[in-house]
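Inspection log for the structure reproduced underneath, given as C-alpha cells.
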Amino acid sequence: MKQVLKQLLLISILLTFGCKAANLRKDKATDTVEKLHDGMLLVKLKTSENRIKKYKEMGNMEKAKEVIEKQQTQNEIVINAFKDNFNFCPVYFFHSNDIANIKNNDFKGSLFQNIGEDLETTPSSDTYYLIGELDQAYQDELGAMTDGELKRAAGSGGSVNAIVIRDNNNFQIPKPFPYRATMTDTNKENIRQSVANLNQKLIEFERKMKVRKLKRRR
C-alpha cells in the first residue's frame, strides 16, 4: 500500500512540474507572438554568392549567370508571396549577406520592401523582430557553445522544406509558437501557400493565447 502511495505521489509531482513547464512555454510563446504582432518580420533572402563566386573562379560565366537569375527569380517569388498573403505584422526583406547588420539592429540600407528601392522610413533600431526564411525546419534544434556564444549546431526529428521563423541567433522559435509552415516543393504555388498558412497559424495562435489569458484572469 505504501509503495502504491509513493508511486501516486511521484506521478502527481511529475504531472505538476510538467504542467508548470507547459504553462511557462505557453507564456513565453504568448509574449513572443504579441511582440511580433506589434513588431516586424524580417525575411532573409538568399544570394547564392558562394556558388556564383565558385563558377566565376572556374571561368564558367554562363553558369554563374544562370545561378544569379534563378536566385533572383525565387527571391521575387518569396517577396510577392509575403506581399499578397501575409498581414499578421509588417514585413521587410534583406539579403543574407546583410545578416550581421540585422543582428546589430542596424537596419538602414539593409531592409527593403521592393528590390532596388530604399525605404522611405527605416524601422527604429529598437523595433522587435523575428527572422523568416525559406529553409529546412526540424522538430527540434540543437545548440553548441562557439566562442562563448550559443549557436545552432544541428536539427533533430527529420527535416522538411518550410517557411521558418527564427530569432536573431538563428534558432527556431520554440513550440508551441507556430514556427514553421511546411511545403512539399519550392515552386511558386507552394511558397505562396506556405506563406498564407504561416500567416493563418500566427493569427489563430495569437487569438488562442488571448483567450487563454482571459480565462486565467477569472
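The values are calculated or read from the model by the stated rules, or taken from the named source; none is laboratory data. Predicted, not measured: the structure shown is a model, and the values here were computed from it. Using ideal geometry, Cβ is built from the backbone for each residue, glycine included, and neighbour counts are taken over all protein chains shown.
In table form, for the structure just shown:
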{"read-out": "Condition check for Phe205: part of a loop (DSSP other than H, G, I, E, B), among the hydrophobic types (A, V, I, L, M, F, W, C) and modelled with pLDDT of 95 or more", "value": "no"}
{"read-out": "Qualifying residues in region 137-191 (those that are crowded, with 17+ Cβ neighbours inside 10 Å, farther than 21 Å from Ile102 by Cα and in contact with a Gly (Cβ under 7 Å, 6 or more places away or on another chain)) - the one modelled with the highest pLDDT", "value": "Tyr138"}
{"read-out": "Scope region 38-60; condition surrounded by 15 or more Cβ atoms within 10 Å (Cβ to Cβ) and of a type outside the set (Lys, Arg); matching residues", "value": "Gly39, Met40, Leu41, Leu42, Val43, Leu45, Thr47, Ser48, Ile52, Tyr55"}
{"read-out": "Every residue from region 113-132 that is assigned to a strand (DSSP E or B), closer than 24 Å to Phe177 by Cα and out of contact with any Ser or Thr (no Cβ under 8 Å at 6 or more places or on another chain)", "value": "Tyr129, Ile131, Gly132"}
{"read-out": "Test: residue in region 107-120 that is in contact with an Asp or Glu (Cβ under 8 Å, 6 or more places away or on another chain), surrounded by 14 or more Cβ atoms within 10 Å (Cβ to Cβ) and over 30 Å from Lys53 (Cβ atoms)", "value": "no"}
{"read-out": "Matching helices (runs of 4 or more DSSP H) fully within region 10-112 where at least 3 residues are within 30 Å of Lys208 (Cβ to Cβ)", "value": "61-85"}
{"read-out": "All positions within region 79-90 that are under 30 Å from Lys53 (Cα atoms) and crowded, with 18+ Cβ neighbours inside 10 Å", "value": "Ile79, Ala81, Phe82"}
{"read-out": "Some residue of region 56-67 being free of Cβ contacts under 8 Å to residues at least 40 places away in the same chain and touching a strand residue (DSSP E or B) at 6+ places or on another chain (Cβ under 9 Å)", "value": "no"}
